[in-house]
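J.: Structure incoming, see below.
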Amino acid sequence: MRTFAYSRADSVDHAAHRTMPDAAFVAGGTTLLDLIKLDVLKPENVVDINALPLKRVERLDDGRLRIGALVTNTDLAHHPEVKSHYPVLSEALLAGASTQLRNMATTAGNVMQRTRCPYYRDPAARCNRREPGSGCDAMDGINRMHAVLGGSDACIAVHPSDMCVGIAAIGATLTLQGPDGEREVDFADFHRLPGDTPHIEHDLANGELITAITLDAPLENARSHYLKLRDRASYEFALASCAAQVVLDGDTIREARLALGGVATKPWRCSDAEAALVGQSADKASFERAADIALKDAQAREHNGYKIPLARQAIVRALRNAARGETPASETQESQA
Amino acid sequence: MNDMTQPDFDKPRVVGQRTPRIDGEFKLTGRAGYTGELHVDGMLYGYPVPATIANGVLESLDLDAARAMPGVVDIFHHGHFEALHRSPNSMAHGDMVNEVRLPFEDERIYYHGQYVALVVAETFEQARAAAQRVVARYREERGAVVGLLQTDAEGTLQESAGSSRGDPEAAFGGAEVKVDSTYHIAAESHLQMEMHATLAEWRDAGKRLVVHESTQGVFFQRNAMARVFGLAQENLEVISHYIGSGFGNKLFMWPHSVATAVAARMTGRPVKVVLPRQQDMTGGGNRPASRQRIRLGADRSGKLTSVIHDSTTETSLVHQYVDTCGSATPSFYACDNVSTSQRVLEVNHGTPCPMRAPGEVSGIFALETAMDELAVELGMDPVELRLKNNAEQDPASGLPWSSKHLDECLTSAARRFGWEQRNPAIGSMRDGDEIIGYGMASCTWSAGRQPCEARVELRADGSLFAACGTQDIGTGTYTIVAQAVAELTGAELSRIEVKLGETSLPAGPLSGGSMATATVLPAVAAAARDALDALKEVAVGSGGAFEGSDADSLSAQAGGLTDGKRRVSFEEILGTSKLSSVNGQGSAAPGSERSEYAFRSFGAHFVEVRIDPEISRVRVARVVSSIDIGRAINPPTARNQVEGGIVMGVGMGLLEKLDYDPRDARLINANVADYIVPTHADAPEIDVELLDYPDFKHNEFGGRGVGEIGLTGVAPAISNALYHATGKRHRDLPITIEALLASS
Amino acid sequence: MMDDSAHSPHPSDETVRLDFTLNGEPRTIEVAPNAVLLDVLREQLGLGGTKKGCDHGQCGACTVHVDGQAMNSCLRLAVMCEGQQVTTVEGLARDGELHPVQQNFLECDAYQCGYCTPGQMMSATALLADERIGTDDASVKEAMSGNICRCGAYKNIVEAIQKSRAQLGHDAARKEGAA
């Protein structure tokens, strides 16, 4: 683990104005220290932002929910506002990582989570995301964990977050504070597709800091479910996951929100599939049609082809469970905690 | 031997009784010193630099940046290392090693993670930071052998690892019912929680070497190090008091130990190396992948007429390791025509080594899946098929079993599991979204025993002391040694101190092969008897507590001696005679019984899987097992071994696989997140019954050892249950989501 | 041998002062900026009870309490603990009396090699004090899944936790675990 200088930021302005070269903010540390130890991230300066006053969760007058950047995953998952108005986010959070990691990891840190691609995590491998232009060893390597949606010739690394999938299905705005002041970015636009520049992972400039994430007002009368499919029962990244929200009028779907995890290069909102669900009856045929639409552009490499049928299963089951407004007992412990 | 001190082993007082671990408090308070957390004055930290290729040549090392880092004391590598000798690598002479190649021996790279340098610095942080600044340049070569399962290569036949009786080929050819299937098992990692660790210190001006090592065999490591360094064994001490488990990969020495000792000698200071997890997984042992073909022939009644078991496993390019898959097969079922063969293929991996139930667990997966296939072919209940072919004597040796109760294991576990409620029709048992599958398999492991020495002291302060140079890797050896001493002396357990894991103690066995219990306890008993005899001589001697009595008239009772009329405590007897202690030596070894009986444990696992086919999710819900291990010396710790084996079997069946890059043989999932093992949430409901049939032909305590058997048979029971649920036969491990999707 | 004097000072020569509370005792130490809490506990402070099993937040053997919350000490810089209360396994027993969770691990044989055990117990004590986590076996298993036990003593660990819950009572458990 390389050496670096350490300092503590005592105000947001202070942090945002500290435009040191090769600086990294540390909050929970669960991604940063992991990757510094692997020699993947090499900051010369680490700025501890844990003292900043970014730990509040507040309901705004317009019904939205503003979440401070430093609210931990545990606190957010169990927050009364989230549990009652955004259960899909609570489920997604609790499906992620472990108790200990959720106690450390923060909301903004989770948004900034790096991919788990083994070639990204190994400095001896070629990786366009870590080292632009070096090539991609995942493309023809062990790519079982890799993306079938949103990939490019340069990169097929998966965005690993569960929380972000829940947020994608809700809709949100990020508040960023930089040397030139504050700005807001739509959550859906924050994470970048890899394209030719996979090393540019998000819309955050040097020195900018995420200070809050504001969830859209909850869908009225929505039922929801987050389903995470993985090899083992807990403490593993998703192979495919789905956050689903539906608003029903009798048996008819009036509104739908659908997002996928574990299969895409960024938290993946399925707008076309959502549109196709509206006005349809809440049955298996509709869900399968929506899944086919959501996955119509999916592309597989040698070892990740199974993710297409698996994601299809995740979508159909998540929609079914959401529409039923219940989670079968056999799924409760694994995907809902 | 004195009959008066012979405890009544049919009705033992302590042995066989639930006994909380005597080392438990140390483990539970954090005071147990595992190797990696030990400190000695002036100690330096070493951090190895691993090769980032799997096949090629190390062309150069640029050490300037690393040398300039603060705290760096020295960097060792091929051009800067001591000239050493290889170990003869002999099991018989106790100097076997896990990798005969010495560290930095040449500049060829044979596997990913092979050490190319060792950085030594004042602090751990400094050593790690500097190790990352070492720049190694390689000439990578094409043609790395990625693994057995990625090639059609046949490998080299190992004549000595095969066996044959009857005419299996002819019998198979003429069989009324046949199964002919091929099975593949991916390479696995031991993933023991504590990584390999060494702390080496030279004393007496470099004449004497003291090594703390997380090892399953202090004597093997001492002997091997003596050969490597050209030292007299007496000038070497290896210590291992607490071991964060091993599962076989800490049986024998690895190169990091040698590198650490050399670094300590060349820097003139003690050096500690704890392998990072990635290096532990690339170069610290693995269970090699296997490819097995099984041919079974039977008549229409289900009687086996032929078993042919051909196996190939991986070894590395720097060390020959043979993971004999067929070793249980000749003894498993009554059948006149049986053959096994074994091949090995050299691959560009770190050297494989024994992993819990080595060879046999892989072989039993193939054999017990094939038996299920045969039951399907015959339209016969799989339990019935196994009972029908139960071997009443050992068909391999023709000897009677010392004690065997497989039939009772099968019937008892079936009853407790509710096997009679199984509807044999595929996919016929449902619960909501889930299909329920019931499957079963038998399990087995050989019951070995080695020579052993031990020492027991009775002390004037009232304490007792027992010592043996074996180890407790978590199986509970400390506690059963204390139980044996308590049994023979009648002393309270709290008064008994047990010392293990040092080569300064009487020579003890490896903690492996499920042999330690049967090996160590008879030696401890002999030492306790010898100590009691010594005390009796003191007691009846001039001025003694029983002056003038006949020593043979005395017996041990409740931590004292009694003549039947009065009891005098050990401490009073010693005090009366102004002695600090008496000392008993004991040794024990297997004898003629080994040529009169066959020794092997058997059992059965019954498994319920639940598969939700619409989301490709399979979970093992329930395991019910009955295992016959003779007498369990300490039932809770013995049962814990079987339960842990079952959990590991869930991993073997559904999760575990080392992933080598198909282009260059680099191990890409050498971490605890990407190499997946069962978590709490994966642990099924487990019900383990240990039958209680003491095997006194094996040893006077009647115990046969229990470390491995629980793992064997679990994976085939899972695959058989999945067949029952889905009708798809899974012959490759692990059974992944991809395999489930392919079958739907 | 190397001669460091020839080289310019490097950031890692510098240390940062850290004031925190360790197992109830105020402590002031100097640590390197890149020193990880786990390594500082094990190598600098001689508290070997907290274990290293993966060093990347993947096994849970390094679990400690930071201000009463279970955390992976391998992913936390020591300097980040400024002003915080850190509790390790060495801080569980009081006045030579085992904590009920320790006692029940002993009674239930909730371990084998003992290496993951401190982490298991630190998670267990935090879990018992956290009313947000369900009390049924399935909830306990899910909440404990960040602690890998390769020996596979999971059944006995859950038994020990549930036995502790029954003994401690909910309120008492919260007090114990938060300490």
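Taken together, the values in this text are just the output of simple stated rules run on the coordinates, not laboratory data. A quick note: this is a predicted structure, and the numbers were derived from the prediction, not measured. We place every Cβ from the backbone using ideal geometry, glycine too, and count neighbours over all the protein chains shown.
J.: Determine the dipole magnitude for region A:223-335: charges of +1 sit on the beta-carbon of Lys and Arg, -1 on that of Asp and Glu, nothing else is charged, the reference point is the Cα centre, and the result goes in debye to the nearest 20.
T.: The dipole magnitude comes to about 200 debye.
J.: Give the order of B:R21, B:R287, B:R165 when sorted by the count of other beta carbons within 10 angstrom, beginning with the fewest.
T.: B:R165, B:R21, B:R287
J.: Further, regarding this structure: For peptide A:26-36, what's the mean number of Cβ atoms from other chains within 10 Å of each residue's Cβ?
T.: Shielding by partners across A:26-36 averages 5.
J.: Here is a follow-up. Roughly what angle does helix C:117-128 make with the longest principal axis of chain C, taking Cα atoms, 0 to 90 degrees, to the nearest 10?
T.: Long axis of C:117-128 versus the principal axis of chain C: about 60 degrees.
J.: Follow-up. Based on the alpha-carbon gyration tensor of chain A, what equivalent-ellipsoid semi-axes (square roots of 5 times the eigenvalues) come out, in whole Å, largest first?
T.: 32, 25, 17
J.: Starting at the first residue of region B:473-482, write each ³J(HN,Hα) from the Karplus equation 6.51 cos²θ - 1.76 cosθ + 1.60 with θ = phi - 60°, in whole Hz, x for Gly and Pro.
T.: Coupling constants for region B:473-482: 8, x, 7, x, 5, 3, 6, 6, 5, 4 Hz.
J.: Follow-up. What's the average, rounded to a whole number, of partner chain beta-carbon atoms within 10 Å of each residue's beta-carbon in B:17-23?
T.: Across B:17-23, the average partner-chain Cβ count within 10 Å equals 2.
J.: Under the definition of partner shielding as Cβ atoms of other protein chains within 10 Å of a residue Cβ, what is the mean value for peptide C:100-113?
T.: Across C:100-113, the average partner-chain Cβ count within 10 Å equals 6.
J.: Where does helix C:154-168 land angle-wise versus the long Cα axis of chain C, in degrees 0 to 90, nearest 10?
T.: 80
J.: Counting GluC sites (Glu not before Pro) as exposed when in a DSSP loop with at most 14 other beta carbons within 10 Å, what is the longest stretch of chain A free of them?
T.: Longest gap between qualifying sites, sites excluded: A:45-219.
J.: For the pairs B:K11/B:K388; B:K27/C:K163; A:K266/C:K52, note any where the Cα-Cα span goes beyond 26 Å.
T.: B:K11/B:K388; A:K266/C:K52
J.: Same structure, new question: How big is the protein assembly as shown in terms of Cα radius of gyration and Dmax, in angstroms?
T.: In order Rg, Dmax, the Cα atoms of the protein assembly as shown give 30.8, 105 Å.
J.: Divide by every residue of the protein assembly as shown the summed helix terms, -39500 (n - 2.57) for each DSSP H run of at least 4, and state the resulting mean residue ellipticity at 222 nm, rounded to the nearest 500 deg cm²/dmol.
T.: -7500 deg cm²/dmol
J.: Can you report the principal axis dimensions of region B:417-475 using only the alpha carbons, biggest first, rounded to whole angstrom?
T.: Its Cα atoms span 69, 27, 20 Å along the three principal axes.
J.: Amide H to amide H under 5 Å from A:N143: which residues, 5+ apart in sequence or cross-chain, H placed 1.01 Å off N in plane?
T.: Correct list: A:H303.
J.: Looking at region B:594-744, I'd like the Rg to Rh ratio, where Rg is from alpha-carbon atoms and Rh is Kirkwood's inverse mean 1/r.
T.: 1.06
J.: Span-like helices, chain A: DSSP H, alpha-carbon axial extent 18 Å or more, mean Kyte-Doolittle -1.0 or greater, which ones?
T.: TM-like helix candidates: A:307-324.
J.: Now, a different point. What would the Debye formula give as log10 I(q)/I(0) at q = 0.24 Å⁻¹ for the alpha-carbon point model of region C:100-178, no solvent?
T.: -1.13
J.: Quick query: amide H of A:K266 versus all other amide H atoms, modeled in the peptide plane; which residues come in under 5 Å with a sequence gap of 5 or more or a different chain?
T.: Sorted by chain and number, the residues that satisfy this are A:H159.
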